[in-house]
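The values are calculated or read from the model by the stated rules, or taken from the named source; none is laboratory data. Computed from a predicted structure; not experimentally measured. A quick note on method: Cβ atoms are made from the backbone with ideal geometry, for glycine too, and the neighbour counts reach across all protein chains shown. Quick note on the areas: whole protein, heavy atoms, side chains included, nothing else; ligands and nucleic acids left out. Shrake-Rupley method; radii C 1.70, N 1.55, O 1.52, S 1.80 Å.
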Amino acid sequence: MSNWQHGFYKLSTEERRARLSAARHLSTADQQLLSDGSSTLGNQLVENYLTDYRLPEGVGLNLLVNGQEYQVPMAVEEPSVIAAASNGAQRVARSGGFQAARQERALVGQVVLVPADGETDSELAWLRDHRDDLLRVANEAHPSMKRRGGGAKDVRFRTPGHFISVDLSIDVCQAMGANSVNTMAEAVGHWLTDHGFNVLTAILSNYATESLQTVECRVDFVNLATAKMAGEKVARRMAQLSDLAQVDPYRAATHNKGIMNGIDAVMVASGNDWRAIEAGAHAYAVKDGQYRGLSTWQIDGDQLIGRLTLPLPVGVVGGSIGLNPLTKANYRISGIETAEELAAVTASVGLAQNLAAVRALASSGIQAGHMKLQYRSLAVSVGATADEVPQVTKKLAKLDHVDRSVAKQVLSEIRKD
Ligand code: MEV
């Protein structure tokens, strides 16, 4: 290992940047970028901090969930995501909006044991007899959670392979709760070790099957029509695409990626742990042994019915939510106050996003809509200024073939003019 890395975490942010810049021969411009983006908060949050890596934030519009209108901050770099979510949401709003079930919320804290040879049944019997002790130990490790009405509520036992998993079902109230669950699971792990068990690990499970969120919408065919295709035809092709995502993992992964485009963007802007949400969503997508689309689209009369269920163990407090002023402002923008509300709105954004993508795939294809937005990024990437971007974008939209060299050429023509 290079010497300059030694003790890096102990340095001030400025010293770290200077040391890294010298080692990696960074230009003055790069050094300036790092220092311009630096914040006191960032340095408090992560080790080896250099700067804040920023994402564009926009607002998803037209979202009608359980009769209430929402404007939802979304942080994402992909150009088409916010436009597509707003477009999908508007089509659903015109047909009555999203109906989201009220979420039952609990997290699972897993304490995994390696039973002694031939002792699985007797160890399970002991654990079942000590069910109340397991809950007591978990709750004593986090008394404030219990005082707030939450805490460990249930315990179940599973035997994956040759292991025993003691699954604590923990109500974390309005928080994301990962740290609390880990504290409680570890306390139970220590207690079981003291009682002679071979404890392998104690940790939150991100397969959050006790925080499932379901959302539905019914979209009138007329609201799916494109300039070139009748709404009914679009709807029938969307239903076929939905069937495909149920039987073909290659398509299912992309179908779900589209859903997560919206969900992740809301998770980032609301200060939630989007990696946890991603992990849970994909585990849920393969719950019956085959990886499938998380949402389905089916014809019913002259409507297309969309349904989405996935684990959404979100929080409105905890983690970095209270620390980042922009995250707090985002809650004031959306007006979301509870974790249940955030889960309902997030799932609706996911289904709106999926509607827009699948509708495009079923009709004109994804590139037609995407490319107009991608052209903006392409214009910026070839050096167009803010004034030039709209001109370059407009010209690119008229061409059959567009790539970086074409964009460069268009920009130079504009400059000559
Ligand atoms: C692109 O980010 C997402 C899509 O590929 C989703 C889909 O295919 O359903 C458009």
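Just the number please: accessible area per residue for the chain, 1.4 Å probe, all protein chains included, in Å². Before the final figure, lay out each step's value.
On the way: 20900 Å² over 417 residues.
Normalised by residue count, the accessible surface of the chain is 50 Å².
Pick out, from Phe197, Ala116, Val155, the residue whose Cα sits farthest towards the positive end of the charge dipole of the chain, with +1 on the Cβ of Lys and Arg and -1 on the Cβ of Asp and Glu.
Of the candidates, Val155 comes out farthest on the positive side.
Which of rounded, prolate, oblate describes the chain, given a ≥ b ≥ c as roots of the alpha-carbon gyration tensor eigenvalues and a/c under 1.5 marking rounded, otherwise prolate only if a/b is larger than b/c?
Working: a/c = 2.18, a/b = 1.30, b/c = 1.67.
It is oblate, given that a/c is not under 1.5 and a/b is not larger than b/c.
What percentage of the solvent-accessible surface of the chain, computed with a 1.4 Å probe over protein heavy atoms, is contributed by carbon and sulfur atoms?
On the way: 10760 of 20900 Å².
Summing carbon and sulfur atoms, their accessible area is 51 percent of the total for the chain.
Report the extension gain between Glu337 and Ser12 in nm, rounded to one decimal, defined as 0.36 nm multiplied by the number of residues separating them, less their alpha carbon distance.
Details: separation 325, 0.36 × 325 = 117.00 nm, distance 3.70 nm.
Here the answer is 113.3 nm.
Just how far, in whole angstrom, is segment 258-292 from segment 312-343 if you go by their alpha carbon centroids?
Going from one Cα centre to the other spans 17 Å.
What dipole magnitude, in Debye to the nearest 20, does segment 46-140 give about its Cα centre under +1 on Lys/Arg Cβ and -1 on Asp/Glu Cβ? Don't skip to the end; give the middle numbers.
Numbers: 8 positive and 15 negative charges, 177 e Å.
It comes to approximately 840 debye.
Apply the a/c threshold of 1.5 to the C-alpha gyration tensor of segment 195-264 and tell me whether it is rounded, prolate or oblate. Kindly include the intermediate steps, with their values, before the conclusion.
On the way: a/c = 3.89, a/b = 2.88, b/c = 1.35.
It comes out prolate by the Cα gyration axes.
Please sort by residue number the GluC sites (Glu not before Pro) in segment 37-74 whose DSSP state is loop and whose Cβ has at most 12 other Cβ atoms within 10 Å. Display every interim value, and only then the final one.
Details: sites: Glu47, Glu57, Glu69; in loops: Glu47.
Sparse-neighbourhood loop GluC sites (Glu not before Pro): Glu47.
Mind putting a number on the dipole of segment 57-212 about its Cα centre? Charges go on the C-beta only, +1 for Lys and Arg and -1 for Asp and Glu, and I need it in Debye to the nearest 20.
Numbers: 13 positive and 19 negative charges, 152 e Å.
So the dipole magnitude of segment 57-212 works out to roughly 720 debye.
Report, to the nearest 10°, how far helix 131-140 tilts away from the longest principal axis of the Cα atoms in the chain, using its own Cα long axis and a range of 0 to 90°.
That helix lies at roughly 60 degrees to the long axis.
With unit charges on the beta carbon (Lys/Arg positive, Asp/Glu negative), name the residue among Ser364, Asn354, Asn330 whose Cα is farthest towards the positive pole of the charge dipole of segment 320-417.
The listed residue farthest towards the positive side: Ser364.
Can you give me the angle between helix 81-94 and the longest principal axis of the chain, using Cα atoms only, in degrees from 0 to 90, rounded to the nearest 10?
For 81-94 against the chain, the angle is about 90 degrees.
Pull out a ≥ b ≥ c, the square roots of the eigenvalues of the alpha-carbon gyration tensor of segment 243-398, then state rounded if a/c is under 1.5, prolate if not and a/b is larger than b/c, and oblate in the remaining case.
Cα axes put segment 243-398 in the oblate bin.
Ranked highest first by average number of other Cβ atoms within 10 Å, how do 203-216, 237-250 line up? Display every interim value, and only then the final one.
Working: 203-216: 20.8, 237-250: 17.1.
Per-residue mean Cβ counts within 10 Å order the peptides as 203-216, 237-250.
Towards the positive end of the charge dipole of segment 1-83, with charges on Cβ (+1 Lys, Arg; -1 Asp, Glu), say which of Asn62, Ile82, Leu33 has the farthest Cα.
Farthest along the dipole direction, towards plus: Leu33.
Which angle between 0 and 90 degrees, to the nearest 10, do you get for helix 231-247 versus the longest principal axis of the chain when only C-alpha atoms count?
Helix 231-247 sits roughly 40 degrees off the main axis of the chain.
Mind ordering 137-144, 267-274 by average Cβ neighbours within 10 Å, highest first?
Numbers: 137-144: 18.2, 267-274: 23.0.
Highest-to-lowest ranking by the protection proxy: 267-274, 137-144.
For Lys398, give me every one of the lysines with a C-alpha distance below 18 angstrom, ignoring sequence neighbours fewer than eight places off in its own chain.
Partners within reach: Lys372, Lys408.
Hey, got the dipole for the chain? About the Cα centre, +1 on K and R Cβ, -1 on D and E Cβ, debye to the nearest 20?
On the way: 42 positive and 45 negative charges, 308 e Å.
Value, rounded to 20: 1480 debye.
Can you compute 3J(HN,Hα) from phi for each residue in segment 97-107, using the Karplus curve 6.51 cos²θ - 1.76 cosθ + 1.60 with θ = phi - 60°, rounded to whole Hz and x for Gly and Pro?
Karplus values, whole Hz, x for Gly and Pro: x, 8, 10, 10, 5, 6, 6, 7, 10, 8, 9.
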